[in-house]
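Notes for the one structure printed next.
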Ligand SMILES: Nc1ncnc2c1ncn2[C@@H]1O[C@H](COP(=O)(O)OP(=O)(O)O)[C@@H](O)[C@H]1O
Ligand SMILES: [Mg+2]
């Protein structure tokens with residue numbers, strides 16, 4: 001039977017060629033158990049062109065020194081905390097860091113309100129435990145323990161979604177670099193190369209602040225929103241679904257890029273509560289309005305253009321996804337959004353396509 005293709009390939013597989021090419025020319029000093037030198041890890045994330053002509057695609061678009069700080073942290077005995085509002089590439093950067101440093105991004109714990117300590121420490125295989133008692137064979141190591149033994153990077157996603165007493169199970173691991181197993185009277189020591197990358201959203205509901213004791217084990221690197229419309233455009237076009245681009249048979253043309261820029265401008269203005277010319281103050285909406293949301297609005301428009309039209313990104317397809325991305329909470333967001341359409345968009349001459357579409361979706365709703 002033919003094997004189905006998976007929907008999403010891990011970074012280390014998707015960018016295998018780039019990682020290999022970097023490793024071939026990498027002559028920088030390497031911390032023990034790292035696949036690449038810190039300088040090459042930064043090149044992998046920020047993108048570059050190697051002397052042999054291999055292009056390394058940029059993964060993170062933004063301030064290089066933030067990535068340098070993140071990579072440098074991982075060479076020390078401090079763990080790395082990537083924080084910021086949702087959609088600022090925390091997960092994305094952490095996956096690529098782990099892939100470049102350890103060759104795997106799959107050692108991962110997803111933090112939720114229901115995450116149990118055994119996800120961070122170890123659990124027991126009960127049939128074996130009952131038959132043989134507490135023996136090593138009965139122990140089920142967590143991804144954290146496996147990363148410690150292998151000297152690799154462990155990723156903890158959404159750290160602050162876990163209750164803080166669960167988070168605190170990491171304190172011994174990070175300060176002593178060991179994980180005691182009292183039932184076996186043993187402990188697992190972290191091999192060289194082990195470190196931890198946690199991500200945390202600082203604007204979401206239901207988050208549990210980290211304890212001071214745990215925070216001190218981390219360097220906090222805050223990933224910001226993109227600086228400019230141009231930068232955000234680069235991020236968005238870089239992340240359009242390759243499958244859709246292939247199906248549509250073309251890259252976004254100049255006109256499509258102009259339309260995407262308008263979407264970015266709308267997000268930016270609503271985020272900042274004023275128009276880009278600084279002339280009009282706007283009511284703010286409560287949703288995050290992240291780059292990730294823009295990517296999904298544009299991806300959606302690309303899908304519609306590809307399957308229902310000529311494959312280009314049209315204002316009407318972009319507009320149809322906008323309201324859902326911007327109005328997350330009807331009570332608080334609908335009003336500012338409608339006002340924005342009527343006060344700002346209506347007056348912009350070359351935006352009439354957008355305005356027409358958006359005022360139309362509004363009418364059908366009413
Ligand atoms: N500065 C950036 N550079 C590259 N990609 C970015 C940037 N900001 C956001 N993205 C993209 O946004 C998407 C969502 O990012 P994600 O890592 O899931 O966000 P977070 O974990 O911060 O909520 C990713 O696909 C990522 O490619
Ligand atoms: Mg995330």
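Here the sum of -39500 (n - 2.57) over DSSP H runs of 4 or more residues, divided by the residues of the chain, equals -13500 deg cm²/dmol at 222 nm, to the nearest 500. Only beta bridges with both residues in the range 11-222 are counted; by DSSP, about 35 percent of them are antiparallel.
Specify the angular offset, from 0 to 90 degrees and rounded to the nearest 10, of the alpha carbon long axis of helix 330-343 from the longest principal axis of the alpha carbons in the chain. In the chain, helix 330-343 runs at an angle near 40 degrees to the longest axis.
With both labels modelled 7 Å from their Cα along Cα-to-Cβ, the residue 222 to residue 353 distance reads 3.8 nm. Placing pseudo-labels 7 Å out from each Cα toward the beta carbon at residue 112 and residue 132 gives an inter-label distance of 3.1 nm.
Note on 164, 189, 317: ascending count of other Cβ atoms within 10 Å places them as 189, 164, 317, the fewest first. Entry note, the range 229-365: relative contact order of 24 percent, from Cα contacts under 8 Å with a spacing of 6+ residues. Between residue 281 and residue 189, residue separation times 0.36 nm minus the direct Cα-Cα distance comes to 27.5 nm. Between the helical axis of 352-365 and the longest alpha-carbon principal axis of the chain there is an angle of about 80 degrees. At full extension, residue 52 and residue 213 could sit 53.3 nm farther apart than now, given 0.36 nm per residue minus the alpha carbon distance. Distances longer than 33 Å among the Cα atoms of the chain: what percent of all pairs is that? Looking at the chain, the distances longer than 33 Å represent 41 percent of pairs. For the range 11-222, the calculated P(r) over all alpha carbon pairs, in 10 Å bins from 0 to the bin holding the longest distance, is 9, 34, 33, 18, 6, 1 percent. With both bridge residues required to lie in the chain, what share of the DSSP beta bridges run antiparallel, to the nearest 5%? Antiparallel bridges make up about 35 percent of those DSSP assigns within the chain.
Using alpha carbons only, how many degrees (0 to 90, rounded to 10) separate the axis of helix 229-238 from the longest principal axis of the chain? For helix 229-238, the angle is close to 60 degrees. Relative contact order for the chain: 15 percent, from Cα pairs under 8 Å spaced at least 6 residues apart, divided by residue count. Contact order for the range 23-162, expressed relative to its length and based on alpha carbon pairs under 8 Å spaced 6+ residues apart, stands at 21 percent. Subtracting the Cα-Cα distance of residue 229 and residue 360 from their residue separation scaled by 0.36 nm leaves 44.5 nm.
Using all pairs of distinct alpha-carbon atoms, the Kirkwood hydrodynamic radius of the range 193-315 works out to 17.0 angstrom.
Readers should treat all values here as calculations from the given coordinates under stated rules, not as data from a laboratory. Computed from a predicted model, the values in this text were never measured in an experiment. For neighbour counting, all protein chains shown are included, and Cβ atoms are generated from backbone atoms with ideal geometry for every residue, glycine included.
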